[in-house]
Amino acid sequence: MKRYHVTTFGCQMNAHDSERIKGLLEELGLGEAPSQDQADVIVLNTCTIREKPDTRFAAHMGNAAKQKRERPGTVVAVGGCYAEAQRERLFALYPDVDVAFGPGTISHLGAWLGAGGEGVARGAFGTGEERAFAAGLPAHRERRFQAWVQVSMGCNSVCSYCIVPAVRGRETSRRPGEVIAEVERLATEGVREVTLLGQNVNSYGRDVGSSFAELLHAVDGVAGIERIRFTSPHPKDFRRDVIAAMAECAAVCEHAHLPLQSGSSRVLKAMRRTYSRERYLRLVAELRASIPDLALTTDIIVGFPGETENDFRETLEVAEEVGFDGAFTFVYSPRAGTEAAAMPNQVSDEVKRDRIERLVAVVQRVAAERNAGRVGSVEEVLVEGPSRTEPELLRGRTRRNTTVNFSGDAAPGELVSVSIASATSTTLAGAQLALAAA
Ligand code: 5AD
Ligand code: SF4
């Protein structure tokens with residue numbers, strides 16, 4: 001049996017897409033190889049949000065090329081956002097690529113790999129117009145009890161730093177009936193937690209006569225689904241009805257990932273985020289007033305063109321004031337073709353490095369304080385498997401999305417109560433309650 005290996009770069013949407021790529025390849029009769037060097041079909045599902053994933057792809061491609069020389073007949077397929085962004089040049093840049101596809105053309109992969117007996121269609125690449133939801137394809141899910149659910153594709157925002165709208169195109173929502181049918185099917189298969197995915201997930205629905213708040217209510221109504229998560233929302237589309245739906249729907253978790261990007265209204269304006277520092281803080285206050293015990297996480301960029309020391313200090317202030325439970329922090333990375341890449345006053349690497357270090361220090365201290373506040377509490381944990389660091393412990397996540405390492409005897413997919421005894425900036429630790437009491 002021929003074997004495939006998929007490497008995933010980038011965001012949860014790519015993780016979702018990779019499960020579909022695997023499902024499709026398995027339907028074609030391929031099995032999964034434990035590593036890239038044992039695969040007959042190598043798939044790289046790429047990202048191009050910053051320069052770093054581009055570089056990581058180049059390194060992986062180097063290995064794949066070497067493997068092809070050693071084992072002629074190995075097929076290299078490259079998908080995802082880097083492939084889409086470089087569609088005109090990909091085969092020239094990387095002559096070892098056999099087949100390329102974008103986030104919207106995954107369904108063609110089978111035909112291009114020669115499943116119809118035609119042989120590999122070298123150099124194939126679908127046109128930008130024929131986008132389709134990967135959600136329609138079979139899935140090979142990593143976990144029996146958790147699933148990604150794609151609700152929309154593309155993004156209509158114009159954030160000046162971001163390459164995604166150019167790569168993933170205009171926003172298109174899936175029909176609510178289709179999403180709900182998928183969630184119902186997942187529930188019958190044993191899924192307890194779904195994560196709704198969209199590049200701008202809470203602007204869902206306008207093009208299909210629905211709304212994100214309605215969708216949350218509908219998913220909440222599916223029996224068996226005990227946890228609903230969603231990512232990534234845009235603060236500008238976090239309207240009252242979405243906050244109310246979060247508060248009213250029992251299965252919607254007490255967690256919002258709310259990308260701040262900058263705490264300076266001046267920088268936010270240049271980023272075209274369409275909210276100010278004050279409006280962001282107001283939204284946080286409204287969320288916290290409606291959803292007790294809400295966890296807030298965020299994305300922050302430092303070193304955006306023209307960002308001054310004062311702008312940066314405002315970001316530090318907002319990070320302190322909000323008290324994020326966690327944050328992904330990024331150094332601004334110019335992406336060719338975006339508005340910000342052409343802006344004057346690019347910030348030097350030295351200043352960017354200094355700022356990211358200071359930001360990370362604040363983010364970690366605040367997150368450690370927030371987690372320390374959970375010590376002594378009892379948390380509902382969805383068990384995911386053995387702990388990554390200490391195999392005799394179990395690992396799972398709270399509704400607030402914090403990882404917990406704990407002693408216990410539960411199976412993956414079970415919901416258990418864990419008494420929290422200690423905390424770091426990113427994890428909690430404790431003991432499963434029944435055991436603690438015994
Ligand atoms: N440089 C650095 N970070 C970026 N992000 C998006 N584009 C860039 C860029 N050009 C960050 C944003 C976004 C997250 C997914 O990646 O913070 O929310
Ligand atoms: Fe990377 Fe953005 Fe594409 Fe996700 S949507 S894979 S983060 S470029």
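The values are calculated or read from the model by the stated rules, or taken from the named source; none is laboratory data. Treat the numbers as computed from the prediction; the structure is a model and nothing was measured. Counting neighbours? That spans all protein chains shown, and the Cβs are built from the backbone with ideal geometry, glycine included. Note: areas computed on protein heavy atoms with side chains; ligands, DNA, RNA excluded. Shrake-Rupley method; radii C 1.70, N 1.55, O 1.52, S 1.80 Å.
For segment 1-91, which GluC sites (Glu not before Pro) pass both filters: DSSP loop (anything but H, G, I, E, B) and at most 11 other C-beta atoms within 10 Å?
On the way: sites: Glu19, Glu26, Glu27, Glu32, Glu51, Glu70, Glu84, Glu88; in loops: Glu88.
Within segment 1-91, the qualifying GluC sites (Glu not before Pro) (loop, at most 11 other Cβ atoms within 10 Å) are Glu88.
Run the quick spin-label model on Ala372 and Glu320: label points 7 Å from Cα toward the beta carbon, then report their separation in nm to one decimal.
1.6 nm
In whole angstrom, and with the biggest value first, how far do the Cα coordinates of segment 86-175 range along each principal axis?
Computed over the Cα atoms, the extents are 38, 37, 22 Å.
Of Lys2/Lys68; Lys236/Lys269; Lys52/Lys269, which sit over 19 Å apart, Cα to Cα? Please list the in-between numbers first.
Values: Lys2/Lys68 15 Å; Lys236/Lys269 13 Å; Lys52/Lys269 26 Å.
Result: Lys52/Lys269 exceed 19 Å.
Tell me, which cysteines of the chain are without a disulfide-compatible partner by the Cβ under 4.7 Å rule?
Cys with no partner Cβ under 4.7 Å: Cys11, Cys47, Cys81, Cys155, Cys249, Cys253.
Can you tell which of Glu321, Glu130, Glu286 shows the greatest fluctuation in a Gaussian network model of the chain with Cα springs below 10 Å?
The residue with the greatest mean-square fluctuation here is Glu130.
Report the trypsin sites (Lys or Arg not before Pro) located in segment 361-390 that are in a DSSP loop and have at most 13 other Cβ atoms inside 10 Å of their Cβ, or state none. Intermediate values should be presented prior to the final figure.
Details: sites: Arg365, Arg370, Arg374, Arg388; in loops: Arg374, Arg388.
Those that pass, being in a loop and sparsely packed, are Arg388.
How much area per residue is accessible in the chain when the probe is 1.4 Å and only protein heavy atoms are counted (Å²)?
Details: 18530 Å² over 438 residues.
That works out to 42 Å² per residue.
Taking every DSSP beta bridge with both residues inside segment 141-253, roughly what % is antiparallel (nearest 5)? Could the numbers behind the result be given before it?
Working: 2 of 13 bridges.
Around 15 percent antiparallel, to the nearest 5.
Which of Gly198, Gly224, Leu186 sits closest to the plus end of the dipole of segment 141-253, meaning its Cα is farthest towards the positive end, when Lys and Arg get +1 and Asp and Glu get -1 on the C-beta?
Gly198
Just the accessible area for Arg206, please: 1.4 Å probe, Å², rounded to the nearest 10?
About 150 Å², ignoring ligands and nucleic acids.
Please work out the FRET efficiency for the pair Arg365 and Asp299, using the Cβ-Cβ distance as r and a Förster radius of 22 Å; give the result to the nearest 0.05.
On the way: r = 18 Å, r/R0 = 0.84.
Using R0 = 22 Å, I get an efficiency of 0.75.
Which residues does a label at Gln12 reach in segment 287-309, if reach means a backbone N under 20 Å from a point 7 Å past the Cα toward the Cβ?
Under 20 Å, as judged by backbone N against the label point of Gln12, lie 287-288, 291-301 of segment 287-309.
Once you have all Cα-Cα distances for the chain, histogram them in 10 Å bins from zero and send the whole-percent values.
For the chain, the binned pair fractions read 4, 19, 28, 28, 16, 3, 0 percent.
Antiparallel as a % of all DSSP beta bridges within the chain, to the nearest 5? Could the numbers behind the result be given before it?
On the way: 21 of 63 bridges.
The antiparallel proportion sits near 35 percent.
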